[in-house]
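All remarks here apply to the structure that follows.
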Amino acid sequence: MNTTSHTLLSPYASKITGTGSAFPQERLTNDDLAKKVDTSNEWIVERTGIRERRISRPGLLDEQNSSLACAAALKALEMAGKTPDQVDQILYATVTPDTLIPSAACWLQKKLGAHRAWAVDLNAACSGFVFALSMADQFIRSGHVKTSLIIGADVLSSITNWSDRGSCILFGDGAGAAVIERTDGHSPHRILSTHLGSDGDLWELFHMPAGGSNLEVTPDAYSKNLHKMNMKGKEIFKSAVRTLSDYALLAIESNQLKPEQIDWFIPHQANLRIIEAVAKRLDMPMSKVLVNIDRFGNTSSATVPTAMDEAVRDGRIQKGQLLLLDVFGAGLTYGSVLVRW
């Protein structure tokens, strides 16, 4: 099932006014990984496009999930010209919160001093940032919110099975943030449409068996690494290519556009081969695709906002350009957002 929103149905629209990102300092290269598992730099680069990733150091307070999010949020707020006490809402996408109780969003509210904001976590895995962006758009269009702070942040190193050579090469840690503000419904610079979908029937392609109410992390579950991510790579690859392509086209066609009219395609950074396959299906040149997986790996909900932030700050993204955000994650979840910058 997918949902679509068009801002012209409301007197209000939403626009992205600030972006930010933050990463841990420690770089884990492919050569470093080759010392831990049976792999090599050449093997990883050929199959994933990843050369290194950032890893949070356990116990370091400024590299906690919410601390990385706070650093990214402050950069986004500065770009938007906003202070924390002007934020009405914090939507925090993550699968690796600092604690289950309280939420990562509440930890972030405390660290920012955003005392006016109500704050909540949401879990759509790698699709989380786009889900949060769509929700912020709806709250703003309905008139309930003027300024929303959305976060995509994950410390995937905490749930990675570092003995699994097929999956441990993929993941890294990081945080991305965006400030979303109310604008006139007819403004050309706005979120044009959002499209979300889920398929719980395919839960087994990517899941973590233990750690929830279904299965406690017992000594036996711990010894079997059931508290770590488990994925079926080949099936994930096929589903990701198909779904990312479908939802990119859904956003484009819903706005009576053609792929060649998109200025920047910002897909989830799961695997460079997936990104290239989707771009080929869309007949989209790679020169229009924002990629940061080579330096940061798959940071789950942080991939899209960090890639976008980098391109905003280095000047590639310019006012008036069309941005297509496209994601896929465990659940399964997927979605796209079309933005006129």
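Scoring A105 on the criteria (1) within 22 Å of S158 (Cα to Cα); (2) in contact with a helix residue (DSSP H, G or I) (Cβ under 8 Å, 6 or more places away or on another chain) leaves a single failure, condition (2).
Can you find, within the stretch 182-204, the residue that is modelled with the highest pLDDT among those that are hydrophobic (A, V, I, L, M, F, W, C) and more than 13 Å from N255 (Cα to Cα)? Explain how you work it out, then say what you get.
Taking the stretch 182-204 as the starting set, the residues that turn out to be hydrophobic (A, V, I, L, M, F, W, C) are 191-192, 196, 202-203.
Still in the running and more than 13 Å from N255 (Cα to Cα): 196, 202-203.
Details: L196: 98, L202: 93, W203: 92.
Checked the stretch 182-204; the qualifying residue modelled with the highest pLDDT is L196.
The condition (being touching a strand residue (DSSP E or B) at 6+ places or on another chain (Cβ under 6 Å) and at pLDDT 95 or above) is satisfied by just one residue among S254, S287: S254.
For residues that are among the hydroxyl-bearing types (S, T, Y) and touching a residue at least 60 places away in the same chain (Cβ under 8 Å), tally how many sit in the stretch 30-67.
Within the stretch 30-67, the first condition is being among the hydroxyl-bearing types (S, T, Y), and the residues that meet it are 39-40, 48, 56, 66-67.
So of that shortlist, the ones also touching a residue at least 60 places away in the same chain (Cβ under 8 Å) come out as 39, 48, 56, 66.
Residues meeting the conditions: 4.
In the stretch 272-301, the residues that are at positive phi and part of a helix (DSSP H, G or I) reach residues that are at pLDDT 95 or above and crowded, with 20+ Cβ neighbours inside 10 Å with C-beta atoms within less than 6 angstrom, at least six apart or across chains, in these pairs: S300/C126; S300/D154; S300/L156. Listed by first and then second residue, the pairs linking a residue in the stretch 16-29 that is closer than 14 Å to M79 by Cα to a residue that is hydroxyl-bearing (S, T, Y) and modelled with pLDDT of 95 or more, with Cβ atoms under 8 Å apart and 6 or more places separating them unless they lie on different chains, are S21/T306.
When you scan the stretch 308-317, do you find a residue that is without any contact (Cβ under 8 Å) to a residue 60 or more places away in the chain, crowded, with 17+ Cβ neighbours inside 10 Å, of a type outside the set (D, E, K, R) and assigned to a helix (DSSP H, G or I), even just one?
Here is the first cut: in the stretch 308-317, the ones without any contact (Cβ under 8 Å) to a residue 60 or more places away in the chain are 311, 314-317.
So of that shortlist, the ones also crowded, with 17+ Cβ neighbours inside 10 Å come out as 311, 317.
Still in the running and of a type outside the set (D, E, K, R): 311, 317.
Next, only the ones that are assigned to a helix (DSSP H, G or I) stay: 311.
The answer is yes, given that some residue of the stretch 308-317 is without any contact (Cβ under 8 Å) to a residue 60 or more places away in the chain, crowded, with 17+ Cβ neighbours inside 10 Å, of a type outside the set (D, E, K, R) and assigned to a helix (DSSP H, G or I).
For the stretch 214-256, taking the residues that are under 21 Å from the mean Cα position of the chain (by Cα) and part of a loop (DSSP other than H, G, I, E, B), the one that is nearest to T48 (Cα to Cα) is identified as K232.
The rows are residues; the columns are (1) within 30 Å of E253 (Cα to Cα); (2) crowded, with 16+ Cβ neighbours inside 10 Å; (3) at pLDDT below 90; (4) assigned by TED's automatic domain parsing to the domain that holds D294.
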| site | (1), (2), (3), (4) |
| --- | --- |
| V155 | no, yes, no, no |
| S163 | no, no, no, no |
| G174 | no, yes, no, no |
| F206 | yes, yes, yes, yes |
| E235 | yes, no, no, yes |
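It is to be established whether one or more residues within the stretch 55-78 are part of a strand (DSSP E or B), over 30 Å from E253 (Cβ atoms) and either modelled with pLDDT under 95 or outside the structural domain of L249 (by TED's automatic domain parsing) (or both).
Keep residues of the stretch 55-78 that are part of a strand (DSSP E or B), which gives none.
The answer is no; no qualifying residue exists.
Once the stretch 13-46 is narrowed to residues that are in a helix (DSSP H, G or I) and among the hydrophobic types (A, V, I, L, M, F, W, C), the residue that is farthest from S134 (Cα to Cα) is A34.
From the list G176, G211, the one residue that fits, being part of a strand (DSSP E or B) and in contact (Cβ under 8 Å) with a residue 12 or more places away in the chain, is G176. Taking first residues from the stretch 115-126 that are at negative phi and partners that are charged (D, E, K, R), the Cβ contacts under 8 Å between residues at least 6 apart in sequence or on separate chains come to H115/D85; R116/D85; R116/D88; A117/D88; W118/D88.
The values are calculated or read from the model by the stated rules, or taken from the named source; none is laboratory data. Note that the structure is predicted; figures quoted are calculated from it, not measured. So basically every Cβ, Gly included, is an ideal-geometry build from the backbone, and we count neighbours across all protein chains shown.
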